[in-house]
1. Anything in the range B:370-394 that is in a loop (DSSP other than H, G, I, E, B), within 14 Å of chain A (Cβ to nearest Cβ) and not hydrophobic (A, V, I, L, M, F, W, C)? List them, or say none.
2. Of the conditions (1) within 14 Å of chain A (Cβ to nearest Cβ); (2) part of a loop (DSSP other than H, G, I, E, B), B:L511 satisfies every one except a single condition; which number is it?
3. Hey, can you tell me all the residues within the range B:328-347 that are open to solvent by less than 30 Å² (accessible area, probe 1.4 Å) and in contact with a Pro (Cβ under 9 Å, 6 or more places away or on another chain)?
4. Give A:I251, A:I222, A:I269, A:I239 a once-over and let me know the one that is within 19 Å of A:I189 (Cβ to Cβ) and out of contact with any His (no Cβ under 6 Å at 6 or more places or on another chain).
5. Looking at the range B:50-74, which of its residues are open to solvent by less than 10 Å² (accessible area, probe 1.4 Å) and either polar (S, T, N, Q) or at the interface with another protein chain (Cβ under 9 Å from one of its Cβ atoms) (or both)?
6. From the list A:V473, A:V397, A:V449, exactly one residue is surrounded by fewer than 24 Cβ atoms within 10 Å (Cβ to Cβ), in a helix (DSSP H, G or I) and of a type in the set (V, I, T). Which is it?
7. Looking at the range A:370-385, which of the residues that are touching a Leu at 6+ places or on another chain (Cβ under 9 Å) and closer than 20 Å to A:V449 by Cβ is surrounded by the most Cβ atoms within 10 Å (Cβ to Cβ)?
8. Given the condition open to solvent by less than 10 Å² (accessible area, probe 1.4 Å), closer than 17 Å to A:A281 by Cβ, touching a residue at least 40 places away in the same chain (Cβ under 8 Å) and within 13 Å of chain A (Cβ to nearest Cβ), answer yes or no: does some residue in the range B:163-185 qualify?
Number of protein chains: 2
Amino acid sequence: MTNGAQALMKTLVDSGVEVCFTNPGTSEMHFVAALDSEPNMRAVLALFEGVATGAADGYARMAGKPAATLLHLGCGLGNGLANLHNARKGKVPVVNIVGDHATYHVPYDAQLQSDIETVARNVSPGFVRTSASTGELCQDAADAVTAARGLPGQVATLILPADVSWSEGGTPCKAPESKPAPTADDATIKNAAEAIRSGGKTALLLGGQALRKPTLMAAARIAAHNGTTLFAETFPTRIERGAGLPPVERIAYLAELATLQLSEFDHLILVDAKAPVSFFAYPGKESYLVPDTCKVHTLASPDQDSTASLSRLAEMLGAENATPAVQPAARPGPPRGKLTAEKVCKAVGHLMPEDAIIVDEAITSGLMLNALTAGAPKHDLLTLTGGAIGQGLPNAVGAAVACPDRPVIALIGDGTAMYTNQALWTMARENLNVTSIIFNNASYSILNVELERVGAEEAGDKAKSQLDISGPVIDFSRLAQGMGVHAIRVSTGEEMAKALDYALTNPGPHLIEAVVPESLNGVKRKILPWLLRTLPSLPRPLSKTLKKKIAP
Amino acid sequence: MTNGAQALMKTLVDSGVEVCFTNPGTSEMHFVAALDSEPNMRAVLALFEGVATGAADGYARMAGKPAATLLHLGCGLGNGLANLHNARKGKVPVVNIVGDHATYHVPYDAQLQSDIETVARNVSPGFVRTSASTGELCQDAADAVTAARGLPGQVATLILPADVSWSEGGTPCKAPESKPAPTADDATIKNAAEAIRSGGKTALLLGGQALRKPTLMAAARIAAHNGTTLFAETFPTRIERGAGLPPVERIAYLAELATLQLSEFDHLILVDAKAPVSFFAYPGKESYLVPDTCKVHTLASPDQDSTASLSRLAEMLGAENATPAVQPAARPGPPRGKLTAEKVCKAVGHLMPEDAIIVDEAITSGLMLNALTAGAPKHDLLTLTGGAIGQGLPNAVGAAVACPDRPVIALIGDGTAMYTNQALWTMARENLNVTSIIFNNASYSILNVELERVGAEEAGDKAKSQLDISGPVIDFSRLAQGMGVHAIRVSTGEEMAKALDYALTNPGPHLIEAVVPESLNGVKRKILPWLLRTLPSLPRPLSKTLKKKIAP
């Protein structure tokens, strides 16, 4: 006989879900027991649900298919919510299995009883289902996988009552193959071609699935042939970059800078991306960042095949045989002297091997990362898609599980690292090849900027203390050692390079605590000049107009 | 001029909300800036939202009034959800201030945009409101405070759009004094009196507010006069106990044992409590634990004055002048030899000073805590009201903020400690007088029991590995030192007693990592005998019937 949990396990594996990131409780014990019935399901334990969900996100970004999570009722889902939010915003497929009380136990309102579906709707608006019986369970699971992995990818939540899991009579099934995504229709492609040929300045804004090599190459052919600028969305789910790949300019986080980036364009063509809006609202400032004079077109929406759509556009423009401009190989030299955030990024650019996976949640400390790794060997970059910090370390766990042969380098701010520090333990337990670099500047540095940007700069001591995490300064190397991860604290460029070199030549989990000054020290109250100083690091030569605008 | 945030701050303070546990982001910057406008608002920063919400819970349990939390949009609320669930189940008042995007920014669906209200409904079904304008904000806040602190206490969530916070025109107001709670009506009291006088065996089951001294004394008078047994709910929000207070027998976590406890009674009278149900459902076992032959009566519901209701009942029974039986003073001796979980509890019983606040989230390791502290100097005990683990360390933060003159001792399991380990940093930052004792047995020990209880005992290696957190064993003393907390690892009874004595005589944050074997080692596959062995530690002499039932 096959119980619900065993049949569910087989259904997941047969549907291509072969990893489950778990933080189980009593109501999930039959699912746990069923793990041994299915040799092709790998279970990776996390000590906190936010690690499990962030790992499922990172896994799917790199594996191109969903993992499952195993969460304990509404509270477990709550703990996992922030990183599921990041997955939702990044259109990443995840299949949540959320255990619930037995159906007949619900009316008794026991301690852990809560309304799981309300919570789930926040991150899985497209698929929330409580499986009603063991007979229906496997079809429910197959539907969840289908929902999750379609284009656009999404978070699907299957709520699994304990008795549905433990009862006999499960019948495994399999999610059908995903249908191929449609290509943009002729009228849409023609419209985009006309915009590009109009004589006005045009840009392609690439997002979602469109930042992978095949799509980037198609876009770069158009750029080479027609002089179209290539933009990437601010926080890509996954972007392939480095030497030999087309360089793409990311829309800046700061609205002031994004507005400058977009200021010269007459046409903005969206490819699996949305028109740029400000991350936050600021008093008296616009939320929508595209200038009135710029016309926005959509070539491919997230449910369409962006590579095919761009290739058709290239053909229509006669660009299909153009030679795309690609990034030449170039690395910065080794960092020297007292450590700064920029020198940490320099060490990464100096040493990162081919096919590395870079996870960037360094916030202000990572400002120079893009510039200093632009010509490094080709790599994937994963970023904070939904703004819910605490994504980086768990994402690194998932990426390393998905790609055991590729080194993962996670660059993480000190504030952000603390939300999901438990990820370090899973790295040790699974012996994952992840080097976590923590920028320890003892501050929520970005919030010092934001305090000023929202016009609250006359803040007093109590307010400032809320952004200061220096009392006590966290010792991340001890924290990591406490969770079984090899760790070292560095404070010079030489030490940094040596530690990173050691980590990269000795596969397994490492943590490097980089003691750095606040990256924005001394720029308070003069944010704009700082913004502008970052412009020269963009891959695009500045136009005369733009140069004039930003002249001091 | 007064902006929304400043007016809100004054409204909160004038309504008695004087502490805010914060983890802010950009959308909350005006609230942060307004902290300096209000000297009577204390802001306590947490590095993770679950710490802030658990601290607000612990604060309110001890202060008897709500604190505020400051959370960052739906994701921040999600991170705080598990401990808000515990507060909801414990009927503890909490006022959440959840920042949101500016109202006009919402339609742009920026990265952090999500449906906050859906998430909030899980923990604040009674009060979720998004403030629509600066003019309405203070009344909204006063309504939230009123909703939170009424009887029964609840979690109220006020969503604060950034522009409502930053716009001018806020008018502070004040929540009205709470109305006195009503006493049970005469018919209800008479019904309870008749049950007690019926000649059958009766028990009072006390919960919620009814476990504080005045109510306990009223109940104990009835017990002394009429031979009524006193039970407490399984997981009290706050119970006053120790020498000089009436002993009360807690309903056991394990359904098998709870059923035995209740098996002899003809009448169960509920006082701010619900009839016992099983924590989880188990195949083939009952969820409802009261025997069919026992009649359940409600004397006072959670919205009523349980002390007045019980006092009236005592009068009706002629028990008002009875002398209540109280716990005699008695401490265990010092622990000696190789450390066990029981010896840790013994050290606590041996050393804890008068008026200590004990936070118990030790799960299996805390089994003997009740027995070994029964005659210790009077103290308050806070427990895991909602079953969402990760409550203990944050609760200790809040209790210490509420009662700076009382030592807090938090007994925490290793698995549970990891969910909200960031609480240690707040203890260091605020120099809180908390001694955290972590039972390090390198296992989700309770789940080994549960795996068996749900009938999944034929588990294989993969399943078992999901309950084993020994690879790597976490080094909690390093973890604590990494967050600035004085910490020591102990493995004998003598070391344990010495470390605890040092911590208690040197006020401030300390962590003692107690290396102990699994408390349930060797009892797998024979759970019932183990259950029964715990019975002699109950404060109630065993009846002959019960003795026969549990005879080996």
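The values are calculated or read from the model by the stated rules, or taken from the named source; none is laboratory data. Here the structure is a predicted model, which is why all the values come from computation and not from measurement. So basically every Cβ, Gly included, is an ideal-geometry build from the backbone, and we count neighbours across all protein chains shown. Heads up: the accessible areas ignore ligands, DNA and RNA and are worked out on the full protein's heavy atoms, side chains in. Shrake-Rupley method; radii C 1.70, N 1.55, O 1.52, S 1.80 Å.
1. In the first step, residues of the range B:370-394 are kept if they are in a loop (DSSP other than H, G, I, E, B); the result is B:374-378, B:384-391.
Next cut, within 14 Å of chain A (Cβ to nearest Cβ) only: B:384-391.
Listed by number, the residues that qualify are B:T385, B:G386, B:G387, B:G390, B:Q391.
2. Looking at each condition in turn, B:L511 falls short on (2).
3. Across the range B:328-347, the qualifying residues are B:L339, B:A341, B:V344, B:C345, B:A347.
4. Working: A:I251 fails: within 19 Å of A:I189 (Cβ to Cβ); A:I269 fails: out of contact with any His (no Cβ under 6 Å at 6 or more places or on another chain); A:I239 fails: within 19 Å of A:I189 (Cβ to Cβ).
So the residue among A:I251, A:I222, A:I269, A:I239 that is within 19 Å of A:I189 (Cβ to Cβ) and out of contact with any His (no Cβ under 6 Å at 6 or more places or on another chain) is A:I222.
5. Within the range B:50-74, B:G50, B:T53, B:T69, B:L70, B:L73, B:G74 meet the criteria.
6. Values: A:V473 fails: in a helix (DSSP H, G or I); A:V397 fails: surrounded by fewer than 24 Cβ atoms within 10 Å (Cβ to Cβ).
Testing whether each residue is surrounded by fewer than 24 Cβ atoms within 10 Å (Cβ to Cβ), in a helix (DSSP H, G or I) and of a type in the set (V, I, T) leaves just A:V449.
7. A:N370
8. yes
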